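Have a look at the structure below before the remarks.
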Number of protein chains: 2
Amino acid sequence: MKNAKIRPKRGSRFAYDGLDRVIHERARLSVLTSLISHTKGLPFGELKQLCDLTDGNLNRHLMVLEDAKMVAAIKGVEHGRPQTVCRITPLGRKRYIEYLAVLEQVVLDASSAIKADPPPRGGHNPANA
Amino acid sequence: MKNAKIRPKRGSRFAYDGLDRVIHERARLSVLTSLISHTKGLPFGELKQLCDLTDGNLNRHLMVLEDAKMVAAIKGVEHGRPQTVCRITPLGRKRYIEYLAVLEQVVLDASSAIKADPPPRGGHNPANA
């Protein structure tokens, strides 16, 4: 069963086990979403700006993602200056897509719940009082 | 501007500042999604099962959510035994809905990127090699 690991246990309807902690952390989710949107890779400085991270923070999260073999950081030279280009790996892409399926389920569950019990008109909802 | 705080800074397209850390943590996201789907509240034991959490873990995360005034835990008696019923507060609901809008944006960004660069047929994608 291909999707066995993202199916909830009986009774654990809202456990969302597939929300892989390596990906779910906010900064790493930013990094991976940037990289999946730029499959040819992004220079460190550009990635830092897109995710609004400091050098230290981005380095720290890239180490976690490199250890998990989800991102590759390739050191090179551009216009005579050292440059690191970050790229999502095929494994990173695969795990990100699996994670995304669970995230979509969260959005679906939450949206259905909110639609079923819309916000109050007069600022007061007896169900939430 | 109502949604000013969830709009990304110029250049920080993938920062997702609105992914409120109080909500984004996986166990708390489970708890809040369970509670927004059960606006009348859930007994502690049922919530624990739905989220697949231990007593200790659920207690710890409920404390964070109670401190943030997003969840109320009401102690009472049911069939002669003490019972705690957990319920999302109107503030919790408001913050969760704001969070959800950003989560939807992540899903949208990621889905568009994946569709624009579909997985390889033969297990090899030159763009990701």
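The values are calculated or read from the model by the stated rules, or taken from the named source; none is laboratory data. No experiment lies behind these values; they were computed from the predicted model shown. FYI the Cβ positions are ideal-geometry reconstructions off the backbone, even for glycines, and counts take in every protein chain you see. With ligands, DNA and RNA removed, areas are computed over all heavy atoms of the protein, side chains included. Shrake-Rupley method; radii C 1.70, N 1.55, O 1.52, S 1.80 Å.
Listed cross-link partners B:Lys48/B:Lys69; B:Lys48/B:Lys115; A:Lys94/B:Lys94; A:Lys94/A:Lys115; A:Lys94/B:Lys69; A:Lys48/A:Lys69 are compared with a 30 Å cut-off, the Cα-Cα value being larger for B:Lys48/B:Lys115; A:Lys94/B:Lys94; A:Lys94/A:Lys115; A:Lys94/B:Lys69. A straight chain from B:Glu98 to B:Ser111 at 0.36 nm per residue would run longer than the Cα-Cα distance by 2.6 nm.
The orientation-averaged shadow of the Cα convex hull for region A:54-112, equal to a quarter of the hull surface, comes to 5.7 nm². Evaluating 6.51 cos²θ - 1.76 cosθ + 1.60 at θ = phi - 60° for every residue in region A:42-57, the Karplus couplings come out as 9, x, 3, x, 6, 4, 4, 5, 4, 9, 6, 10, 7, 3, x, 5 Hz, glycine and proline recorded as x. Taking a quarter of the surface of the convex hull around the Cα atoms of region B:1-107, what do you get in nm²? Across all orientations, region B:1-107 yields a mean hull projection of 7.5 nm².
First compute the accessible area of region B:1-103 with a 1.4 Å probe, then give the percent of it belonging to carbon and sulfur atoms. Taking all protein chains in place, region B:1-103 shows 53 percent carbon and sulfur surface.
Remark on A:Gln83: its backbone amide H falls under 5 Å from those of A:Gly76, A:Val77, A:Glu78, a criterion applied only to residues 5 or more positions apart or on other chains, H modelled at 1.01 Å from N.
Sorted from closest to farthest, the other copies place their A:Leu91 label points 4.4 nm away, with each point set 7 Å from Cα along Cα→Cβ. Chains A and B together bury roughly 4300 Å² of accessible surface, counting both sides and using a 1.4 Å probe on protein heavy atoms. Derived scalar couplings between HN and Hα for region A:83-90 equal 9, 9, 10, 9, 9, 6, 8, x Hz in order, rounded to whole Hz, by the Karplus curve 6.51 cos²θ - 1.76 cosθ + 1.60 (θ = phi - 60°), x for Gly and Pro.
Over region B:17-129, Cα pairs under 8 Å with separation of 6+ residues give a relative contact order of 26 percent.
The residue in chain B that lies nearest, by its beta carbon, to the axis linking chain B with chain A is given here with the distance in whole angstrom as B:Val107, 3. In this structure region A:24-92 gives 50 Å² per residue of accessible area when probed at 1.4 Å with all protein chains present.
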